[in-house]
Amino acid sequence: MPFRDRVDAGRQLAERLEPFRAQSPVILGLPRGGVPVAAEVAQALGAPLDVLIVRKLGVPWHPELGFGAIGEGGTVVLNQDLVQEAGLTEPEIEEVTAAERAELERRVRRYREGRPPVELEGRTVIVVDDGIATGFTVRAAVEVARSRRAGRVVVAVPVASPRAVQELRSLADEVIVLEAQEAFMAVGQFYWNFPQTSDEEVTQLLSSLSRAPIPSSTVGGDPVRACEIELGTVRLAGDLATPVDPMGIVVFAHGSGSSRFSPRNRAVALALNRAGLGTLLFDLLMPREELDRSNVFDIRLLAQRLIGATRWLQEQPEANDLPVGYFGASTGAAAALVAAADLAEDIRAVVSRGGRPDLAEPRLADVRAPTLLIVGGHDQAVLEMNRLAQALLRCPNDLAIVPGATHLFEEPGALDQVANLAAAWFTRHLARPEPPAA
């Protein structure tokens, strides 16, 4: 047997998944047995862990025989051949589905304990289970991840039946399996120790790892420190990166529904690090605050958090009185502009990516920091908002349009253009002036 238990399987799987570390993935474990495996992968990659809850639909008189699966968000996957072979009627299917839906919702409440799901939009998502027999639950999981706008969906398991692997390759972007033997009969045959995983174990693992910060390490050769920003009773998780002898430091304000793990912001941050700039990415809201959607659009609240984080940053040894700039995306751009207006001379430059500066309209005339607005050429509604906002700015400013790009800059090369524009703007405005010649 290749695996002692789920922990051993997770560690072996993590070794195969090491190349994904650079993509800052989200690890999604399938309860219950997939979560201990996923936890080992998340720890090894320094990635956040969440559950992607799916339930098998079993034939009423033979529950172990699955005719499909359901997932969060109303996803349903059925094996129509088996449905017909078993002679299942529509009422029977609806009865089984309703019962499993109730159990699915119970597990959502139990496992997440009020935490919102980890943001998947645009990110690489790795779906992990302890093994795959028929593959219906994993198929449902892939569809759920797609519905939440994951950028790339990878299925990774220690063991699977060859048939299931073949079918999944047409659904997922990549399927990684350590053992796929023709003699496959059940997942448990590949484990020496294969006990049931309890709800308590799942809850404990998720509580400790769901918002796991990226550990202190290096990104592009630059030291990264996981940090906690204390603002009174509020504690916000962040990642502070400082290259050798930085010319300045840029604080990121992410958009609605996103977090410090935003793959687009992290890609821009890496480009800024390579250009000699430090970066601070942090969560503007605590997990429980994200449950109230009104907080996500409370620009004044977000701006105050940004101001508090800036004051905290100025006390850190890495900052060392460095000039500070803001990089804001979506609603975070409005918060950055309001905070820049409040802090006046303390903020030396602002860059907005696909931002909503119109939400900061009452304070736009008070912004003194040179401001660059970057918008996709095909993002017509936001482009018009930025043009109107630009007319209200009294500081040095510019509007840069990335041709052919949409709101998320997903087109090939579009985000690279954003990063280059931002690096040039911050380098120009954060660099210390040369001393006058003697």
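Details
- Scan of segment 228-270 for residues that are of a type in the set (D, E, K, R), surrounded by fewer than 21 Cβ atoms within 10 Å (Cβ to Cβ) and in a strand (DSSP E or B), ordered by number: E228, E230, R235
- Restricting A334, A360 to residues that are farther than 19 Å from A269 by Cβ, touching a residue at least 60 places away in the same chain (Cβ under 8 Å), part of a helix (DSSP H, G or I) and assigned by TED's automatic domain parsing to the domain that holds G276 narrows the list to A360.
- Selected residue (criterion: farthest from the chain's Cα centre (by Cα)) from residues of segment 34-57 that are among the aliphatic types (A, V, I, L, M) and farther than 28 Å from T75 by Cα: A44
- Restricting attention to segment 1-33, the residues that are under 20 Å from the mean Cα position of the chain (by Cα) and part of a helix (DSSP H, G or I) total 8.
- Candidates in segment 77-95 are the residues that are in contact (Cβ under 8 Å) with a residue 24 or more places away in the chain and surrounded by 15 or more Cβ atoms within 10 Å (Cβ to Cβ); of these, the one that is nearest to G151 (Cα to Cα) is V77.
- Options V51, V76: the member that is aliphatic (A, V, I, L, M) and over 20 Å from Q196 (Cβ atoms): V76
- For segment 267-282, the set of residues classified as touching a Phe, Trp or Tyr at 6+ places or on another chain (Cβ under 9 Å) and either of a type outside the set (V, I, T) or closer than 17 Å to R123 by Cα (or both) consists of V268, A269, L272, A275, L277, L280, L281, F282, listed by residue number.
- Among (1) crowded, with 24+ Cβ neighbours inside 10 Å; (2) over 25 Å from the mean Cα position of the chain (by Cα) - the single one N273 does not satisfy: (2)
- The numbered conditions (1) modelled with pLDDT of 90 or more; (2) over 20 Å from the mean Cα position of the chain (by Cα); (3) part of a loop (DSSP other than H, G, I, E, B) are all true for L284 except (2).
- Leading residue by the ranking (nearest to R11 (Cα to Cα)) among those in segment 131-177 that are out of contact with any strand residue (DSSP E or B) (no Cβ under 6 Å at 6 or more places or on another chain) and of a type in the set (A, V, I, L, M): A133
- Among residues of segment 172-192 being in a loop (DSSP other than H, G, I, E, B) and modelled with pLDDT of 90 or more, the one that is surrounded by the fewest Cβ atoms within 10 Å (Cβ to Cβ) is W192.
- Being farther than 15 Å from V125 by Cα, surrounded by fewer than 19 Cβ atoms within 10 Å (Cβ to Cβ) and β-branched (V, I, T) is a description that applies to V7.
- When each of A98, A47 is tested for being part of a helix (DSSP H, G or I) and either surrounded by 20 or more Cβ atoms within 10 Å (Cβ to Cβ) or aliphatic (A, V, I, L, M) (or both), the lone residue that passes is A98.
The values are calculated or read from the model by the stated rules, or taken from the named source; none is laboratory data. If you're wondering where the values come from, they're calculated on a predicted model, not measured in any experiment. Please note: Cβ atoms are built from the backbone with ideal geometry, for glycine as well, and neighbour counts cover all protein chains shown.
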